Structures are given as structure tokens and as C-alpha cells.
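Student: Below: one structure in C-alpha cells.
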Amino acid sequence: MNEQVKLERRKKITKIILVTVTVLFIFVMLVVPLFSVMASALKEGLGFYLKAISTSYVLSALKVTLIATVFAVVINTFFGIWTAWLLTRFSFKGKQVLATLIDIPFSISPVIVGLAYLMTFGRLGWFYPVIRWFNEIFGTNVRITFAIPGVVIATIFVTFPYVSREIIPVLNAEGKDEEEAAALMGASGFTIFRKITLPQMKWSLIYGIILCTARALGEFGAVNALSKTRGETFTLPLEIDALYMSGTDSSITSAFAVSSILLIIALIILFARNIVEHKFKKLH
């Protein structure tokens, strides 16, 4: 009995130490820095804050960020579902290679991604003659690099795996029995997908979309290599960097003010993610 008491006491002490160290670490590494961003953003008062986040440069950066995010989420949702369905419901040569290729954005530096697209679509790139030919034939001025399309494709690349990687484990766990039974009963492929497959992956799909959105909003490295003009192709992270690097007190405070926009959006996304995660766990 005495040994049991000692064991319980040691467990209690261990728990207290672990909780204390964990809370202190999170507080120092996460809470304090985030609080300092908000404090610095409001340092000059609410009037300065509102003025800082409503300049033409910031509004343009917000617009470009939202455009890139919307395109990335929509395209990656479509191809994420497509890829997940392909990998979990069909067998074919090169399946493992395709599954590995999906994870490339996780392992490659975003800066390298930006440079790769620069050498693909830029003036020295492989596809530049095609772009130039298109512009000459149709009298257009289509540009990929140093333009919004470049920002969009870079964002699509770095966020591609998030939707598919959330869906694939769920579809593997659910199996194909219900879908095969529905097919034997004469249901079309679209009906099977709409009434069986889609409900199975609904919450994992929403979770993947949330993660994709969060990643798209904060992308810096790849976009930086393909963006050029402040007020035209800068996203919010690039605008924050430009403000901070200008070095003046007012611009640094403005950088924190603009940073607070992304911070608030991130907290909203985190809250939404927790709700979806809770729903998903209840169903499984």
C-alpha cells in the first residue's frame, strides 16, 4: 500500500512538471510573440492602426492574397478529391510513384518552387516561346511570372497536398464495399460518388480545405520569387516584409498592424478547424 502511495505521488509530481514545462514553453514560444504582434500593432492607437491597414498597398495585397487563396483552394479541392479517389479506388502502374509525387510540396523549399516556375515560365523559361507566340497571335499581354498568375500557380503548388492527404486515409478506412454494392444495383458513378463517397469524406474534405486556406494565406517564399511590383502582385506576407524592411518606426508599426490581419484570420481558421476536428472525431 505504501508503494502504491509513492507511485501515485511520483505520477502526480511528474504530471505537474510536464504540465508546467509544456505551458511555459507554449506561453514563451507562442502566446507572448503573438500578443506582442497585437500590442505593437495598436501601439500608435486605433486611428493609426485603421489607417495602416487601409492603405492602397495593403488593400491591393489583400486582394491578391484572396485571389491566390480562392484559386488555390478551389483547384486543389477538385484535384485533391480526384487524386484521392484515384489512389484509393483504382489499381494501376505507377500508383506508388503518383502517391509519392503528391508529397513533393511538403519536402521542397518554397523558394525553390518559385525559382522553378521562374525558369519554366520566365523569359528564359521553356514555355516562354509559347506565351510569346500566344501574345503575338491574339494581341494580348499574358504574363505568368511577375504577375498575378504566377502568384496563383505558386500558391497552388505549395498547397496541393493538403486536401488529398486528409481524404485518402478516410477513403481507405471506409473501404469500397458500399460503392461496389451500389454499382451492382445499377447506380451510376456520379450517383455513387454523390450519395456514398462524398458523405464519407465530408469532414476530412472540409478539414483539408481549412488547412489549404491557412497555408495559402501565409505563403511567402514561392510567391516572393514570382512577384515583383508592390501594389500589384504583392501578397500580405510580402507587404508586411516590405513595410518592416523599410526601417522607419511608422512603417514597422504598420507592418505589425498588417500582420494582425493574418493573425486574426489564422485564429478564425484555427477555431473552425477545431470545430471540424471535433465533428470528425464524433463520427469516428
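Student: Pairs, please: C-beta under 7 Å, at least 6 apart or cross-chain, first residue farther than 12 Å from TRP85 by Cβ and in segment 173-194, second aliphatic (A, V, I, L, M) and assigned to a helix (DSSP H, G or I)?
Tutor: What qualifies is GLU178/ILE196; ALA182/ILE192; ALA182/ILE196; ALA183/ILE192.
Student: For segment 209-218, indicate whether the set of residues that are closer than 21 Å to SER54 by Cα and in contact (Cβ under 8 Å) with a residue 60 or more places away in the chain is non-empty.
Tutor: yes
Student: Could you list all residues from segment 26-47 that are farther than 12 Å from SER259 by Cα, touching a helix residue (DSSP H, G or I) at 6+ places or on another chain (Cβ under 7 Å) and not acidic (Asp, Glu)?
Tutor: LYS43
Student: Among helices (runs of 4 or more DSSP H) lying entirely in segment 184-281, which contain 2 or more residues that are surrounded by 14 or more Cβ atoms within 10 Å (Cβ to Cβ) and hydrophobic (A, V, I, L, M, F, W, C)?
Tutor: 198-218, 221-226, 236-246
Each row is one residue, and each column tells you yes or no for (1) in a helix (DSSP H, G or I); (2) polar (S, T, N, Q).
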| position | (1), (2) |
| --- | --- |
| MET119 | yes, no |
| TRP133 | yes, no |
| ASN141 | no, yes |
| GLY150 | yes, no |
| THR155 | yes, yes |
| PRO169 | yes, no |
| ALA182 | yes, no |
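Student: If we scan segment 196-206, do we find a residue that is among the hydrophobic types (A, V, I, L, M, F, W, C), under 19 Å from the mean Cα position of the chain (by Cα) and over 16 Å from LEU86 (Cβ atoms)?
Tutor: There is at least one residue in segment 196-206 that is among the hydrophobic types (A, V, I, L, M, F, W, C), under 19 Å from the mean Cα position of the chain (by Cα) and over 16 Å from LEU86 (Cβ atoms).
Student: Checking GLU179 against (1) within 26 Å of THR213 (Cβ to Cβ); (2) at pLDDT below 90; (3) surrounded by 18 or more Cβ atoms within 10 Å (Cβ to Cβ), which single condition isn't satisfied?
Tutor: (1)
Student: Still on this structure, please answer the following. Filter segment 39-66 down to the residues that are part of a loop (DSSP other than H, G, I, E, B) and either farther than 13 Å from ALA242 by Cβ or more than 27 Å from the chain's Cα centre (by Cα) (or both) and list them by number.
Tutor: Initially, segment 39-66 is screened for residues part of a loop (DSSP other than H, G, I, E, B), giving 42-45, 53-55.
LEU42, LYS43, GLU44, GLY45, ILE53, SER54 - these are the residues of segment 39-66 that are part of a loop (DSSP other than H, G, I, E, B) and either farther than 13 Å from ALA242 by Cβ or more than 27 Å from the chain's Cα centre (by Cα) (or both).
Student: Of the conditions (1) surrounded by 16 or more Cβ atoms within 10 Å (Cβ to Cβ); (2) on the phi > 0 side of the Ramachandran plot, ILE131 satisfies every one except a single condition; which number is it?
Tutor: Only one criterion is unmet by ILE131, namely (2).
Student: Tell me the residue from LEU34, LEU30, LEU59, LEU66 that is under 30 Å from THR155 (Cβ atoms), in contact (Cβ under 8 Å) with a residue 40 or more places away in the chain and either surrounded by 10 or more Cβ atoms within 10 Å (Cβ to Cβ) or among the basic types (Lys, Arg) (or both), please.
Tutor: Values: LEU30 fails: in contact (Cβ under 8 Å) with a residue 40 or more places away in the chain; LEU59 fails: in contact (Cβ under 8 Å) with a residue 40 or more places away in the chain; LEU66 fails: in contact (Cβ under 8 Å) with a residue 40 or more places away in the chain.
Testing whether each residue is under 30 Å from THR155 (Cβ atoms), in contact (Cβ under 8 Å) with a residue 40 or more places away in the chain and either surrounded by 10 or more Cβ atoms within 10 Å (Cβ to Cβ) or among the basic types (Lys, Arg) (or both) leaves just LEU34.
Student: Across segment 71-92, which residue is farthest from ALA183 (Cα to Cα) among those that are surrounded by fewer than 12 Cβ atoms within 10 Å (Cβ to Cβ) and modelled with pLDDT under 90?
Tutor: For segment 71-92, the residue satisfying everything is PHE92.
Student: Could you figure out which of (1) under 25 Å from THR235 (Cα atoms); (2) exposed (fewer than 13 other Cβ atoms within 10 Å of the Cβ); (3) modelled with pLDDT of 90 or more; (4) not β-branched (Val, Ile, Thr) isn't true of ASN141?
Tutor: (3)
Student: Of all residues in segment 144-164, count the ones that are among the small types (Gly, Ala, Ser) and either surrounded by fewer than 18 Cβ atoms within 10 Å (Cβ to Cβ) or over 16 Å from THR233 (Cα atoms) (or both).
Tutor: Residues flagged as among the small types (Gly, Ala, Ser) and either surrounded by fewer than 18 Cβ atoms within 10 Å (Cβ to Cβ) or over 16 Å from THR233 (Cα atoms) (or both) within segment 144-164 amount to 1.
The values are calculated or read from the model by the stated rules, or taken from the named source; none is laboratory data. From a predicted model like this one, the values you see are computed outputs, not experimental measurements. For neighbour counting, all protein chains shown are included, and Cβ atoms are generated from backbone atoms with ideal geometry for every residue, glycine included.
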